[in-house]
Amino acid sequence: MRSTLFAFIAFLCASVAGGAQIPPTPPPAPNAANPNAAAKPPATPAPPDNYSYDPSGRRDPFVSLLGTGLETKPTGKRAEGVPGLAVSEISVRGVMQSRGGLVAMVQGPDNKTYVMHTGDKLIDGTVKAVTPQGLVIVQEVNDPLSLVKQREVRKLLRSFEDGKQ
C-alpha cells in the first residue's frame, strides 16, 4: 500500500516537472486461496437503461423529495363518481341552492361535473360543509411522521388559480 502511494506521488511530481512518466504498477497476482480475485474488474455502477434528462421538466428544488403525504397513490380501480375523486383533483365550479340546502358543482380530473352534498365521501376526505363561497373538506393526512391525521381544506369557488387567466 505504501509503495503504491509513493509511486503515485512520484508520478505526479514527474508529470508536473515534465520529466519521464513512471509506468503504473501491475495489479497484484492472484493468490492460491482465491485465483479469480484479480481476474474480475472492479465493479462500477451501470447507468439505468431508461434514464433520460429533460431540463425543461426540472423538479421544484423547494419541494421535498419524500413528498408531503397529501398525495394519493393510485391503488387499483377507483370507484365511480364522487367517491372516486381525491381532494387535490377537484375544483369548485358553482354553488347552488337546493331544497335540502346548498350543493356544490365540482369538476373532476376527467373534466366531468359532479354534484356534492354535505357528508359526501371522497377517496381521502369527507365534505364537512357547503358554503356560498365553496366547500369545506376534512382531509385524511397520509403521513406517518405527522402528528395531525386530519386537516381542514377549503376549496373556494373563486380560487387564485382561476384569477390568473
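The values are calculated or read from the model by the stated rules, or taken from the named source; none is laboratory data. Values in this document were obtained by computation on a predicted structure and should not be read as measured data. When we count neighbours, we look across all protein chains shown, and the Cβ atoms used for this are built from the backbone with ideal geometry, even at glycine.
One table, with the values for the structure above:
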| read-out | value |
| --- | --- |
| Filter result for Glu152 (at pLDDT 90 or above, exposed (fewer than 12 other Cβ atoms within 10 Å of the Cβ) and closer than 23 Å to Ser64 by Cα) | yes |
| Selection from segment 88-147 of residues that are in contact with a Leu (Cβ under 6 Å, 6 or more places away or on another chain) and exposed (fewer than 15 other Cβ atoms within 10 Å of the Cβ) | Gln133 |
